[in-house]
Every structure is written in structure tokens, then in C-alpha cells.
Amino acid sequence: MRVKLPSPDDPGMRPLKATAGAAIALLALAACAGDPIDSSPTPATRGVLQAEAGMVVSAYPDASEAGAAVLRAGGNAVDAAIATGLALAVTHPTAGNIGGGGFMIIRFPDGRATAIDFREKAPLRAHPEMFVGEDGEYSYQIHHRSHLAVGVPGTVAGFALAHERYGSADWPELVEPSVTLARDGFVVSERLAASLEGRMEAFRDYPATFEQFYRDGVPYRPGEILAQSDLAGTLERIRDEGRDGFYRGATARLIAEEMERGGGWITEEDLARYEAQEREPIRGSYRGHEIISMPPPSSGGTALVQMLNILEGVDVAGLGAGTPEYAHHLIESMRHAFRDRAMHLADPDFADVPVARLTSKEYAAELRAGIDATAAGVSNPSDVEGAPPAESMETTHYSVVDADGMAVSVTYTLEGGYGSYITVPGAGFLLNNEMGDFNARPGLTDARGLIGTEPNLARPEQRMLSSMTPTIVARDGELVAVIGSPGGRTIINTVLQLVVNLVDFRESPEEIVAAKRLHHQWLPNAVRMETGFMPEADGERLAAMGHEVNWGRGQGIAHCIFVDAETGALVGVPDPRDSDGAAAGH
Ligand code: DON
């Protein structure tokens, strides 16, 4: 690992300093924030960017810029999404990854759309009782923080599949920016410095991770350069050999060796067998808008369309944003969708998921008819009490649109922040802890949000159920928005509220993203509400309907792109909840 203090000539700073697009981005960002242009190594990153010909919005400036540079060089939105995703694997280690997995929705300029599923899989040895300890009890530790918590990674296979079918640039050109960022380093932001400092004690138990993210045991300060030479080596293998650079040869061997050392079950055979899948997206409609989102093994698109269908029969605009009556109908829609999510959603290659019924207008009408306009949970009670678990925001979502109007929506993750905390020695990347998204154990359902239903139990090569909801909105054949968010189960509800803000409340792009959000997930029976969603006094009216309201905590980080209906301009909106979020375009 190489470390040096930043200077204006640092290669790690070049992407932001030396390109016209970045300069425009910084000008726009600074202007929006009302600040003078920031020439410090960690530039201001908040604010909205307008562009005509291409846009990337992601969780780190260098990653947005890596994608925008691909667009400027003539690559398409899929190419840019791959370059951005690989760059985030270097600059945004909480969630950006090559050791995890996720989902990509692509909408082509002619309105066709497709979905790339690169969700992790359980290894061949997996079984439903694998998270039970020697004492015969379910073990959170095994399920979430052990080598058994690691799923077979999918990201590199997903990007390779998307490139093979829909990319236009040469693969090495898409990987090279991330190689440079890893080899030469990038400027550490305040947020990343604080995040790494906060994890220092936890990472002491993971020597390869500790070595990778601290300089001789000392945290990086904002503005310093973090280089990751082992990661650069792995990315070079991916650049030169494509997916085989990850799933076969040296990288696969290093993963398998780490698994063996730590009692994990992933073998070189598991890695060689991993395949990303192309799937039919979920399609729905909401008041004349077309919704294109992720099918199972994510629950996201199905639950999103189910909730929108319920709300379509409610005068949402008439109820008004931030009113207790609107909140009540949102919550009741969530209560229904999350019950069905628990009952039915899982990997469609293993379970029969009734997607057509769950996303039908008829089913939504039946559910809506059971909703009492003034009382909580009447037709679908939530019989577990307690506050919903706090979901971490450490997945990441990014959005891309190119000059032809091809749009790409990607949400991918290591599951928890920094995943399993396990860095593969010699390979320099973090492994996910996605096995935690399988149900804990057959029959175990409780107030923490554990669900013991059958379809989403761990089985050999099954994909664990996800909530990630990369989504694209269109109307009359034209692209309207590219949206998505991190936040575990809150993701689906965040995306729901983005759509409602767009369609019913006709808010500006900034307001659509900044507006406060709420979350209910059927079990437990409680709402999490961002402070400011409504005046606290109105919260008492909601409580009088039978809702338990828990205030506070941010929900979601929605890095989105909207198309201005009048001018056709692309409006990139980094979520103001994330100080590192950045738009780059041209
Ligand atoms: O796939 C999922 O739904 C989760 N693994 C995403 C995790 C997330 O958003 C951050 N925190 N829990």
C-alpha cells in the first residue's frame, strides 16, 4: 500500500480536477450550495447538476466522474455503469464492491427494458439450519458476521454479462479507471475518513482489512490519498481476463483459501459455477407512468408495484404530502406488501413466486377495500410489537443516462457496511455478508424482524431475498426518472415515496429526493418516520389511528436522475443525506 499527502498533481485527484465535465459539475455543485468554488482536495459534492448529453450520479465524485468520462468518450450507459460500479469498489468500500452483488435495470431508448441479476448465491454446502450454533440456538454471529455469512459474489459476473450483451466500449477501458484509482490512490473524503475511523476497533480482528484501510494503524485524514495495491492487482486481472479474472485462477484461489482458513464454505467450484442472470423486469403503471423495476430474487419491484397499485385508488394528491391521512394510507399499503413479501418472495429459481397476482390491479383493489381510512391494521394486523430494526444505509445506488437516452439503474451491496469485514488477503477486496438476507431458521419469526417462512431459507446455490429496488420511470414512451436507494427493507418504501412525490405531489427533482420519508414493514407494528415528515403534533393524530410512531434517523440515499419534461435536460440529484454523493455529466 502506498500513501502520500495530496498535491494538485496527484493522479488520484486528476479525475475531478482535470476534466471539463468535472469542472462543470463542481461549478454547479458549488453554485447550488451557495458556496465559492471549493478547490480543496475533497470538493463540495452536494447539489443538483443539469446536463444535456449524459449524466452519472453516484456515492463518490471519482466514481461519477469515471462513468461520465466513459460517456464523453462515446461509451453507452451500460459501459458507464460498469466503470462507475468498479470505481465505487475502490472509493466507496462500505458498499461499492467486487465481493458482493446487486441488480441492474436497463431501459433502452426504444422503451424495451431488461434486468441483470448479479445477486450472490449460497455455496453448494448451504442448508436451512446452517446459522444454528453448537448450542442448538440460532446464532446472529454465524448468520451475519462469520465466513458462513459470505455469499458467492456476483458483481463481476453481472458487469461482464451486461457488457457482453449491451455494452459498446472495450472492456479494459471500463476497468482501467478503477485500476488507476486503486493503484495511485484517491482522495479520502471527510465522510469516508470518519467512517473508517469509526470501524477501527472492529477491524483489528481482520488483519488484511486493518492493513488495507489504515496507514500503519493510523486512520486516514480527509484529503489524504488512499491507495490499495492488492485491489489494483485483482482489478488488473479482471481487466485482462474479464470474469475469469475473478471467478477462476489467482483471485478464486485466494478467496477459497481465505474461506478454508476461516471456516467458510465457498470453494473454487462455487466460484466457477456462479452465473449472473438476465431477467424480465417487473413492469407496473401508476397514474399513466410506467414503472420498470427489479423482479425476484429482489422483492423490491414486486412490492413497489403492489403498493403503487393500492395507492392508485386513493386520492393521494388530495390528502397532501406530510398529512397524517397520507401517511396512514402509505403505511397500510406497506403493511400489505411486506406481509406478502414475507409469505411469498424468494429466488424464483427455487420458489414459485406469484408475481402476476401480487402486481395485479385486481389484487390491489381487494387489499385496498380492506383498508379502514381511520384505523391501523384492520384487515391485516401486525401482531408483533416493537420498533423496527434500524437499517443501515450501506448499500449504494447509482443512476446513469447517456446521450441516446439509454438509462441504467444499479443498486449493489456488501449487505452491511464493509460486508463481512473480511478482506481477501492478497486480493484486496471485502467480502459480503449477504447470507444474512436468508431467513434465519425455519419457523423463527420475532420482533427484531426475523421471518421464518419457507421460501427464503438457505439452500445450495439459492439467491437470498433482497429489497434492492433499482427502478426506471417512463411516460408516453419517454424516460422520466432513474431512481433507487440503499437502506435494507426501507429501500422499497423509499423508492415508493420517490414515485409518489414525482407523480402525485409534482415536486421539483430536488424536493422529490430531499422530502422526508417513512417506513413500515408489517412486522413489527411500528412506523419509523424521518423528523420533519410531518409536524410532531400531527404525529399524535396518526397515533390516534393506532400507529406507533418512532421519530428520527435518515432513510435512504437516493442518487437519482430526472428528465426535465420541457427541455429534455438531464437533472442529476445526489441525495442531500450523503455528503459524498456527486453528479457528473456533459
Ligand atoms: O439486499 C438487500 O436488501 C440488503 N442486503 C441491502 C442492505 C442494505 O441496504 C444496507 N443495510 N442493511
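When the residues of the range 481-497 are filtered to those that are more than 14 Å from the ligand (Cβ to nearest atom) and closer than 16 Å to residue 294 by Cα, the one that is surrounded by the most Cβ atoms within 10 Å (Cβ to Cβ) is 482. Annotation note: of 282, 238, the sole residue that is within 23 Å of the chain's Cα centre (by Cα), modelled with pLDDT of 95 or more and more than 16 Å from the ligand (Cβ to nearest atom) is 238.
Only one entry of 83, 33 meets the criterion of being modelled with pLDDT of 95 or more and either within 27 Å of the chain's Cα centre (by Cα) or under 22 Å from residue 586 (Cα atoms) (or both), and that entry is 83. Within the range 422-439, if we keep just the residues that are away from the ligand (no atom under 14 Å from the Cβ) and in a loop (DSSP other than H, G, I, E, B), the residue that is surrounded by the most Cβ atoms within 10 Å (Cβ to Cβ) turns out to be 429.
When 577, 541, 528, 506 are checked against the criterion of being within 18 Å of the chain's Cα centre (by Cα) and of a type in the set (Lys, Arg), 577 stands alone in meeting it. Somewhere in the range 362-371, is a residue touching a residue at least 60 places away in the same chain (Cβ under 8 Å) and either in contact with a strand residue (DSSP E or B) (Cβ under 9 Å, 6 or more places away or on another chain) or within 16 Å of the ligand (Cβ to nearest atom) (or both)? Within the range 362-371 (the criterion being touching a residue at least 60 places away in the same chain (Cβ under 8 Å) and either in contact with a strand residue (DSSP E or B) (Cβ under 9 Å, 6 or more places away or on another chain) or within 16 Å of the ligand (Cβ to nearest atom) (or both)), the answer is no, since none of the residues qualifies. Contact annotation: residue pairs with Cβ atoms under 8 Å, 6 or more positions apart or on different chains, pairing a residue in the range 119-137 that is closer than 11 Å to residue 441 by Cα with a partner that is within 16 Å of the ligand (Cβ to nearest atom) and small (Gly, Ala, Ser), are 127/458; 128/458; 130/458; 131/440; 131/458.
Filter the range 458-480 for residues that are part of a loop (DSSP other than H, G, I, E, B) and within 16 Å of the ligand (Cβ to nearest atom) and give the result. Hits for the range 458-480 are 458, 462, 464, 465, 467, 468, 469, 470.
Evaluate the range 391-409: report whether one residue or more is surrounded by fewer than 20 Cβ atoms within 10 Å (Cβ to Cβ), touching a Gly at 6+ places or on another chain (Cβ under 8 Å) and under 29 Å from residue 76 (Cα atoms). Checking the range 391-409: at least one residue is surrounded by fewer than 20 Cβ atoms within 10 Å (Cβ to Cβ), touching a Gly at 6+ places or on another chain (Cβ under 8 Å) and under 29 Å from residue 76 (Cα atoms). Can you spot a residue in the range 483-505 that is within 26 Å of residue 376 (Cα to Cα), β-branched (Val, Ile, Thr) and modelled with pLDDT under 95? So far as the range 483-505 goes, no, none of its residues is within 26 Å of residue 376 (Cα to Cα), β-branched (Val, Ile, Thr) and modelled with pLDDT under 95. Do we have residue 286 as over 29 Å from residue 184 (Cβ atoms), of a type outside the set (Gly, Ala, Ser) and in contact with a Leu (Cβ under 6 Å, 6 or more places away or on another chain) here? Answer is yes for this residue. Which of the residues that make up the range 191-223 are crowded, with 18+ Cβ neighbours inside 10 Å and touching a strand residue (DSSP E or B) at 6+ places or on another chain (Cβ under 7 Å)? Residues satisfying the conditions are 206, 208, 209, 212, 220. For the range 563-576, a residue qualifies if it is surrounded by 19 or more Cβ atoms within 10 Å (Cβ to Cβ), under 15 Å from residue 397 (Cα atoms) and not acidic (Asp, Glu), and the qualifying residues are 572, 573, 574. Scanning the range 54-84 for residues that are in contact with a Phe, Trp or Tyr (Cβ under 9 Å, 6 or more places away or on another chain), in a loop (DSSP other than H, G, I, E, B) and not polar (S, T, N, Q) returns 59, 60. A residue that is within 16 Å of the ligand (Cβ to nearest atom), more than 30 Å from residue 401 (Cα to Cα), in a helix (DSSP H, G or I) and touching a residue at least 12 places away in the same chain (Cβ under 8 Å) cannot be found anywhere in the range 205-212.
If you go through the range 515-549 and pick out every residue that is surrounded by fewer than 16 Cβ atoms within 10 Å (Cβ to Cβ) and outside any loop (DSSP other than H, G, I, E, B), you end up with 5.
Just one of the numbered conditions (1) out of contact with any helix residue (DSSP H, G or I) (no Cβ under 8 Å at 6 or more places or on another chain); (2) within 25 Å of residue 524 (Cα to Cα); (3) away from the ligand (no atom under 16 Å from the Cβ) is not true of residue 346: (3). Being within 16 Å of the ligand (Cβ to nearest atom) and surrounded by 23 or more Cβ atoms within 10 Å (Cβ to Cβ) is the filter; apply it to the range 308-342 and report the residue that is nearest to residue 360 (Cα to Cα). Filtering first and then ranking leaves 337.
No other residue among 412, 418 is in a loop (DSSP other than H, G, I, E, B), among the hydroxyl-bearing types (Ser, Thr, Tyr), within 16 Å of the ligand (Cβ to nearest atom) and closer than 19 Å to residue 86 by Cβ apart from 418.
Among the criteria (1) within 16 Å of the ligand (Cβ to nearest atom); (2) surrounded by 15 or more Cβ atoms within 10 Å (Cβ to Cβ); (3) not β-branched (Val, Ile, Thr), the one residue 553 does not fulfil is (2).
If the condition is being part of a strand (DSSP E or B), more than 16 Å from the ligand (Cβ to nearest atom) and touching a Leu at 6+ places or on another chain (Cβ under 7 Å), then the range 379-409 contributes 401, 407.
The values are calculated or read from the model by the stated rules, or taken from the named source; none is laboratory data. Source: prediction; values computed, not measured. With ideal geometry, Cβ positions are generated from the backbone for all residues, glycine too; neighbour counts draw on all protein chains shown.
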